[in-house]
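K.L.:
Dumping the structure here so I can ask a few things about it.
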Amino acid sequence: MDFNLSEEHLAVQEAARDFAQNELLSEVIERDNTQKFDPVLTKKMGELGFLGMMVAPEYGGSGMDTLSYVIAMEEISKVDASASVMMSVNNSLVCWGLEEYGSEEQKQKYLTRLAAGEIIGAFCLSEPEAGSDATSQHTTAVDMGDHYLLNGTKNWITNGNTSSVCLVIAQTHPEKQHRGINAFIVEKGLPGFAIGRKEDKMGIRASDTHTLMFSDVKVPKENRIAEDGFGFKFAMSTLNGGRIGIAAQALGIAAGAFELSLKYSKERKTFGRPISEHQAIQFKLSEMAVKIEAARLLVYKAARTKDEGKDYIQAAAMAKLYASDVAMWVTTEAVQVHGGYGYVKEYHVERMMRDAKITQIYEGTSEIQKLVIARELLK
């Protein structure tokens, strides 16, 4: 077991930290207030290779390992979780799914542009009545011979309006239940493809989250991913890797809140001395540090397991379950350390507390992670 990062990993960490601190930090509060992410920043993320980190260079990616990806995710999430969720979806769900299961034609047509950050992707699984129960897909894709006719609604879609390409999960053979589900590459702008309302969210407010609606959208047959009926397996396999990305995001949110709390505790004085000298604050900081380090080890282990080609389902679920709980706990304590200042936007930690909550919900709620872990234990 080697707990030291390689020179390459340290370089990735430094590059991500520099981008977060020098490019993302200055207007992060304004982006949260306006609920808008600057497309210039998206372009820079693409230029720096953050939107296709694990994609092979032949398809326009950086060709890095999963550990490099989670290291970058942590640093960016310390500052702006809205930026990191866009990065997570494009890397973990869209690019990885296409590279792993897409045809060569699909990779050349879509993956190369997605990995380079020329366009952004979205992953469309959740529906009004199909969140945690992903088997209950009401969106349908009827086989019409040379194309599929897509109808339905997808909810809570990250990058819903900014994406150019969506991976849509839909039911083709209801009688086969989850074995009749397919995955499709759907381009924005097709007739019948409509962008619904933008969600007014508690956290990750600069990330655009929309409802997407499909009304008799003609999807070419060549845009189906893999064989007929592979959609559910595609979605679950892709989400397993996505959980590592969200675990890294949760880790970053927690670590960012801790760093701000540590700095603040040395500056803020009560009763004539810095609050860092009070045992009550010292205990909070100590417990924060321990929980964050434990979460980091779980996240790194999940990434290593994936990179080694081993079964990482349990490791990913454990990392997401624990890291998301740590993010929620640490950010709440960070607000407490900051006192009244922690309750106002200027000091960042109130936003981090709002951002942390979603990590316990999306890409599989904490309850779903426990089910996944239990299933793996009982095999």
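K.L.:
Go over the candidates S366, S324 one by one and state the one that is among the polar types (S, T, N, Q), modelled with pLDDT of 95 or more and closer than 18 Å to T158 by Cβ.
P.N.:
S324 is the lone residue from the list that is among the polar types (S, T, N, Q), modelled with pLDDT of 95 or more and closer than 18 Å to T158 by Cβ.
K.L.:
Within region 353-363, take every residue that is part of a loop (DSSP other than H, G, I, E, B) and out of contact with any helix residue (DSSP H, G or I) (no Cβ under 6 Å at 6 or more places or on another chain) and give me the one that is farthest from A235 (Cα to Cα).
P.N.:
So the residue we want is I361.
K.L.:
For region 137-155: of the residues being open to solvent by 40 Å² or more (accessible area, probe 1.4 Å) and within 16 Å of A235 (Cα to Cα), which is farthest from the chain's Cα centre (by Cα)?
P.N.:
Out of the qualifying residues, it is T140.
K.L.:
Now for a separate question. Check region 164-184 and report whether any residue there is free of Cβ contacts under 8 Å to residues at least 12 places away in the same chain, hydroxyl-bearing (S, T, Y), surrounded by fewer than 18 Cβ atoms within 10 Å (Cβ to Cβ) and in contact with a strand residue (DSSP E or B) (Cβ under 9 Å, 6 or more places away or on another chain).
P.N.:
No, region 164-184 contains no residue that is free of Cβ contacts under 8 Å to residues at least 12 places away in the same chain, hydroxyl-bearing (S, T, Y), surrounded by fewer than 18 Cβ atoms within 10 Å (Cβ to Cβ) and in contact with a strand residue (DSSP E or B) (Cβ under 9 Å, 6 or more places away or on another chain).
K.L.:
OK, next. Out of the residues in region 197-227 that are small (G, A, S) and more than 25 Å from D80 (Cα to Cα), state the one that is most open to solvent (accessible area, probe 1.4 Å).
P.N.:
Ranking the candidates gives S215 first.
K.L.:
Here's a check for you: in region 252-295, which residue that is in contact with a Lys or Arg (Cβ under 6 Å, 6 or more places away or on another chain) and part of a helix (DSSP H, G or I) is surrounded by the fewest Cβ atoms within 10 Å (Cβ to Cβ)?
P.N.:
Of everything passing the filter in region 252-295, S276 is surrounded by the fewest Cβ atoms within 10 Å (Cβ to Cβ).
K.L.:
Quick one: E74 ticks every box in (1) outside any loop (DSSP other than H, G, I, E, B); (2) of a type outside the set (K, R); (3) open to solvent by 40 Å² or more (accessible area, probe 1.4 Å) bar one, so which box is it?
P.N.:
Exception for E74: condition (3).
K.L.:
Let me ask something else about it. Which ones in region 20-41 are over 24 Å from L297 (Cα atoms) and open to solvent by less than 20 Å² (accessible area, probe 1.4 Å)?
P.N.:
If the condition is that a residue be over 24 Å from L297 (Cα atoms) and open to solvent by less than 20 Å² (accessible area, probe 1.4 Å), then L24, V28, R31, D32, L41 are the ones that fit.
K.L.:
Would you check which residues across region 333-347 are closer than 14 Å to I281 by Cα and open to solvent by 60 Å² or more (accessible area, probe 1.4 Å) and list them?
P.N.:
Once the filter is applied, which keeps residues that are closer than 14 Å to I281 by Cα and open to solvent by 60 Å² or more (accessible area, probe 1.4 Å), region 333-347 yields only Q336.
The values are calculated or read from the model by the stated rules, or taken from the named source; none is laboratory data. Because the structure is a prediction, the values reported are computed rather than measured. A quick note on method: Cβ atoms are made from the backbone with ideal geometry, for glycine too, and the neighbour counts reach across all protein chains shown. Quick note on the areas: whole protein, heavy atoms, side chains included, nothing else; ligands and nucleic acids left out. Shrake-Rupley method; radii C 1.70, N 1.55, O 1.52, S 1.80 Å.
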